[in-house]
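The values are calculated or read from the model by the stated rules, or taken from the named source; none is laboratory data. Quantities reported herein were computed from a predicted structural model and do not represent experimental measurements. In this analysis, Cβ positions are derived from the backbone assuming ideal geometry, glycine residues included, and neighbour counts consider all displayed protein chains. The accessibility values were calculated without ligands, DNA or RNA, using every heavy atom of the protein model including side chains. Shrake-Rupley method; radii C 1.70, N 1.55, O 1.52, S 1.80 Å.
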Amino acid sequence: MTRYIVSRVGQAALVLWAAFTISFVLLQAMPGDAVLIKFQNPDYGLSPEQLAEIRAAYAADGSIVQQYIHAIGKFLTGDFGYSLKAGVPVSAQIATNLPATLWLAGLGFLTAAILAVVIAILSNLSGFGRLRAVVQSVPALFVSVPAFWLGIMLIQLFSFRFRLVPVINPGPWQGLILPVLTLAVPISAPMAQILLRNIDEVLTRPFVSVARAKGASHAWVLWRHVAKNAALPVMTVAGVLFGELLAGAVVTETVFGLNGIGGLTEQAVNSEDVAVLQAIVVISAAAFVTINLIVDLLYPVFDPRLKVAVGGVR
């Protein structure tokens, strides 16, 4: 088990290093020098010596290799540098905007999971056969719908046409209804479809037949014997979908004008704020890797067969 954990943690660290390196190279390949673009303005009246000092302060005066070593060393200590646009530590900006994005993504994931479970349960109860047909006939439609388009459509329907959810000066919870639905609907469909397939597969196993032979009802079999076994494969997909959810949250925040990582990313792109963009990429990758690492480590806990297999590789 120890070897398994070390292997997974090592893979996670490798992914984070790759994300940092690739994002660093791509950001450095952007045309122009962001520091000079900002401070070489004649209105500032800075001399060449002062410009050189500013470039040195932002660690932009060395070679690419030197900048890379400096940047990765700072990141390992939790220092993301200073924002070129705001002139404040990037870590302070992240700390201010990240909680709102995590809250939105968390609510979106929870809503998607609830929708998926409700659809799967209803489609397996008597009298809801048509619902099963509808769910299984919608392959990847929801997940292929762009988040920004879905958000705009929800605003048009529920805010402007039916006037159910205000978009101007909404309350704390009212302002989250449409953004959460925008995030939840696309990923609830694949989760529900995978859960349905797993339920169908588990229902054919011998222990389910034994439970039914003992007189257990269909609902009891689903709850006591099928749910846990059918939910295990969904955990892996849920980890991947949560990573996609974070990316969707950035777009959704922009559509609904929410303060979070999405707005910070938009500002950083417009101002070519490399330090902020680098931090956002790495933190997003870290969140994605952490979720999937947790899923990998929890999988043997819920599936004893994997626990035995993992223990055998010591």
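Quick rundown of the values:
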| quantity | calculated |
| --- | --- |
| Where a residue in the stretch 94-118 is in the same structural domain as Trp223 (by the TED database) and assigned to a helix (DSSP H, G or I) and its partner, wherever it lies, is open to solvent by 70 Å² or more (accessible area, probe 1.4 Å) and not β-branched (Val, Ile, Thr), with Cβ under 7 Å and at least six apart | Asn97/Asn259; Ala100/Asn259 |
| Condition met for Leu84 (in contact (Cβ under 8 Å) with a residue 60 or more places away in the chain, among the aliphatic types (A, V, I, L, M), part of a loop (DSSP other than H, G, I, E, B) and under 25 Å from Gln267 (Cα atoms)) | yes |
| Listing of helices (runs of 4 or more DSSP H) fully contained in the stretch 211-284 that carry 3 or more residues being open to solvent by less than 30 Å² (accessible area, probe 1.4 Å) and in the same structural domain as Ile187 (by the TED database) | 227-256, 261-271 |
| Hits in the stretch 12-68 - residues which are in contact (Cβ under 8 Å) with a residue 12 or more places away in the chain, among the aromatic types (Phe, Trp, Tyr) and farther than 21 Å from Val282 by Cα | Phe39 |
| Candidate set: the stretch 69-94, residues that are touching a Phe, Trp or Tyr at 6+ places or on another chain (Cβ under 8 Å) and under 18 Å from Ala34 (Cα atoms); chosen: the one surrounded by the most Cβ atoms within 10 Å (Cβ to Cβ) | Val90 |
| Residue check, Ser23 open to solvent by less than 40 Å² (accessible area, probe 1.4 Å), of a type in the set (Gly, Ala, Ser) and under 24 Å from the mean Cα position of the chain (by Cα) | yes |
| Residue in the stretch 156-177 that is among the small types (Gly, Ala, Ser) and at pLDDT below 85 present | yes |
| Contacts under 9 angstrom Cβ, first residue in the stretch 192-205 being touching a residue at least 12 places away in the same chain (Cβ under 8 Å), partner surrounded by 19 or more Cβ atoms within 10 Å (Cβ to Cβ) and polar (S, T, N, Q), 6 or more apart | Ala192/Ser123; Leu196/Ser123; Leu196/Asn124; Ile199/Ser123; Ile199/Asn124; Leu203/Asn124 |
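So that you can scan it fast, the table gives a plain yes or no per residue for (1) open to solvent by less than 60 Å² (accessible area, probe 1.4 Å); (2) assigned to a helix (DSSP H, G or I):
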site: Leu27; (1), (2): yes, yes
site: Val35; (1), (2): yes, yes
site: Tyr44; (1), (2): no, no
site: Gln50; (1), (2): no, yes
site: Arg55; (1), (2): yes, yes
site: Gln67; (1), (2): yes, yes
